[in-house]
Every structure is written in C-alpha cells, then in structure tokens.
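Shown next, in structure tokens, is the structure this report addresses.
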Amino acid sequence: MNDQIQQQSFEPADPRLAHALFGQQNRHLKQIARLTGVRVSSKGTTAVLEGAADMVTRATRMLEELSGLLEKGFDLRPTDIEYAERILRMDESAKLTEIFLDTVTVSARNKAISPKTLAQKAYLDAMRSNDVVFGIGPAGTGKTYLAMAMAVALLKKKEISRIVLVRPAVEAGEKLGFLPGDITEKVNPYLRPLYDALYDLMDFDRGQALIDHGVIEVAPLAFMRGRTLNDAFVILDEAQNTTKEQMKMFLTRLGFGSRAVITGDVTQIDLPNDRISGLVQARDVLKNVDGVNFVRFTDVDVVRHPIVQAIVRAYDAHTPA
C-alpha cells in the first residue's frame, strides 16, 4: 500500500447528478469513505478526497464509475456502492456500466435483474454462449436466481418453449419416509426454493398458469430418468447432492435446442460419506469439453445480507481441531 497522503477533487461531468451521487446528507460519500478508508467531503457539486494515494485513486475511480451509471439513468442504492467497491477492488479496469446495466429480465416487483459481481457477469455471459454451464460456489451468490432469470427471459423471447427446474431430493437429517403424504407431498419441500425464485420473477398467477400448462415444470431429479428434453432451459439446483450416476443421467437428458445450468456448493454435500458427488466428478470429467463452461463463485460474490459473506468466510477459514 502507498502511504503517501494525497488530496484529489472530483466533480461529475453533469453537475446536476452531484446530489444523487453524493447521497442525502452525503450518505453515499460517507459510505465510500468507510469502504476505502479515505476522508471524503463535498463543496457544492465537488467531492474532495484525502488519504493514502492508492485508496484515493480507488475512491475517485468509484465516483467516476458511479457517475457514469447515473448518467445512464441508473437508480443508485447503498448496496450498489458496496458491490461497486468489491468489483473495483478485484479489477480496477472494470466498467460498472457493462455490469450493472446488463439487465437479464425484470422481476414481478418491477426490479431489473442484473449482475452485481464480476463472477455474476461472467456467469450470465457463459449462459448466453454455452449449452451447459456449471455455477459452483457458496450460498447467496445468485447462482440459481440468475439462472432462473435467464430462463424466464428466454421464455419471454420465445427462444425456448419450456423451463424445467430440477432438484435432488436428498435427505438431510429427516427421512422422507417419516414425512406425511404421497410422494409429491414428500418431495415438495425440497423444491420450494425453486418455486420461491420463480414467483419472485413473475407474479404468482402467471407462474402457476405456466406450471399448470406444463410450460414450467418443477420436479425431483429422479423424475428425469428416461426422458429427453427438447427446446428447454433446464436448471439442476443443489447439484452437489447428486451421485455421479445421477449427474450423468441428467446431462444426457438434453435434447435439441436445450440448455442446462447446474448449480451447487461442493462444501454443502449431504450424500453419505461413501458416495462421490456428481458435481465434484463433473468438474474434473468435463473441464475440457467444448460447450461446457464452469463459473466459480467465492464469498466475494455473496449478494445477500452482509453477515452472510462474513459467515461464509468464517466457515472457509475454520479448520476443525
């Protein structure tokens, strides 16, 4: 780190954007100061930054990039500033407009779904250009949600004719046989997260209508055996809980015009100790296959409550005695 103290000024190209950039009572500037460790104040439409030279450079770059977003009509929120700092810390040359304005679709709550990290941007680009994409990493990194958003967007554009959402019904401490109901009622709790994501992206009535008409199917992995899926976007969630036989079975279900996205976290395997995870094996077997792309997420890509990122880091750093 360069400890030389530096002072620098920044004014948006359009001074009218200064209020949105600085935030109410300089809220955004204070947030940038906290994230970078520089002192930030404002004089009219000009921000004044002072601190270690390299941190002042990073903070100024953040202001430049955030200003560019505002010029494009972006609605800047405090969480976006958090994501911007992470991105520019990882890649000083990153263009926030190319990341934050890469809208996949708009949710039922009228919220634009776009990437918030470098890995999320790479993930979306991979889904656009590959038939099979693996998203591997911790919880909260948007792996399943972004895959669902891409599927819904392609369905709206009529580039696919159906969406198939799949999860292995692996027991984690509670036996299926002890749960009440028939097989559908037993596996439904395992599929609930997929329904939650679906209904966030489209209103409940529309989503239920598409399910009723078979345009969207939510099913346990075991129900995929013997099928061929044509013209579909297929998402396999929680893939770390597939066996190697199940993973091969799933991947060979793809028919003409179909794409598959496989998501999972190899640190959260619920299989018996004597079973090899199909996701772990696929990572090795398919790494050099054309048309198959692997995108890896880390704790830096967690976009849930900030405490989730801290929890992931703590578990990653913990070594049992």
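Full extension from Asp316 to Glu245: what is 0.36 nm times the residue separation minus their Cα-Cα distance, to one decimal in nm?
Contour length minus the Cα-Cα distance gives 22.7 nm.
Report the antiparallel proportion of the DSSP beta bridges in the chain as a percent, rounded to a multiple of 5.
35 percent
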Rounded to the nearest Å, the spacing of the alpha-carbon centers of the range 1-32 and the range 269-284 is 48 Å
Which residues qualify? For Val132, with a placed amide H closer than 5 Å and at least 5 residues away or on another chain, they are Ala260, Asn293
Answer in debye to the nearest 20: the dipole magnitude of the range 1-158 about its Cα centre, from +1 Lys/Arg and -1 Asp/Glu charges placed on Cβ, is 700 debye
The aspartates and glutamates whose Cα lies under 20 Å from the Cα of Lys248, excluding any fewer than 8 residues away in the same chain, are Asp131, Asp231, Asp237, Glu238, Asp265, Asp270, Asp274, Asp284, Asp290
Heavy-atom accessible area per residue of the range 1-141, all protein chains kept, 1.4 Å probe, expressed in Å², is 48 Å²
Between Glu50 and Ser9, the two model label points (7 Å from Cα along the beta-carbon direction) sit apart by a distance in nm of 1.4 nm
Farthest towards the positive end of the dipole of the chain, among Ile235, Ala317, Leu35 and with Cβ unit charges of +1 on Lys and Arg and -1 on Asp and Glu, lies the Cα of Ile235
In whole percent, the fraction of accessible protein surface over the range 1-55 that belongs to carbon or sulfur atoms, probe radius 1.4 Å, stands at 46 percent
Output ordering of 71-83, 125-137 (per-residue mean of other Cβ within 10 Å, highest first) is 125-137, 71-83
With 0.36 nm assigned to each residue of separation and the Cα-Cα distance removed, Asp231 to Val215 gains 4.7 nm
Order by accessible surface, 1.4 Å probe, largest leading, for residues Lys116, Lys158 comes to Lys158, Lys116
Taking a ≥ b ≥ c as the square roots of the eigenvalues of the Cα gyration tensor, with a/c under 1.5 meaning rounded and otherwise prolate when a/b exceeds b/c and oblate if not, the range 265-308 is oblate
Sorted by chain and then number, the residues having a modelled amide H within less than 5 Å of the amide H of Phe297, at least 5 places away or on another chain, are Ile136, Gly137
From DSSP H assignment alone, runs of 4+ in the chain each adding -39500 (n - 2.57), the sum over residues rounded to the nearest 500 puts [θ] at 222 nm at -12500 deg cm²/dmol
With +1 at each Lys and Arg Cβ and -1 at each Asp and Glu Cβ, the charge dipole magnitude of the chain around its Cα centre, to the nearest 20 debye, comes out at 200 debye
For the chain, averaging the sequence separation of alpha carbon pairs under 8 Å that lie six or more residues apart and dividing by its residue count, the contact order in percent is 17 percent
Any DSSP H helix in the chain with Cα axial reach of 24 Å or more and mean Kyte-Doolittle score of at least -1.0? Listed by number, the hits are 53-71, 183-201
Subtracting the Cα-Cα distance of Lys287 and Asp270 from 0.36 nm times their residue separation yields 3.8 nm
Computed for the range 1-42: size of charge dipole around the Cα centre, +1 on C-beta of each Lys and Arg, -1 on C-beta of each Asp and Glu, debye to nearest 20, value 220 debye
Here Rg/Rh (Cα, Kirkwood) for the chain equals 1.03
Rounded to whole Å², per residue accessible area for the range 196-321 with a 1.4 Å probe reads 55 Å²
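The values are calculated or read from the model by the stated rules, or taken from the named source; none is laboratory data. Note that this is a predicted model, so its numbers are computed, not measured. Reconstructed Cβ throughout: ideal geometry from the backbone, glycine too, with neighbour counts over all protein chains shown. Remember, those area values only see protein heavy atoms, side chains included, never the ligands or the DNA or RNA. Shrake-Rupley method; radii C 1.70, N 1.55, O 1.52, S 1.80 Å.
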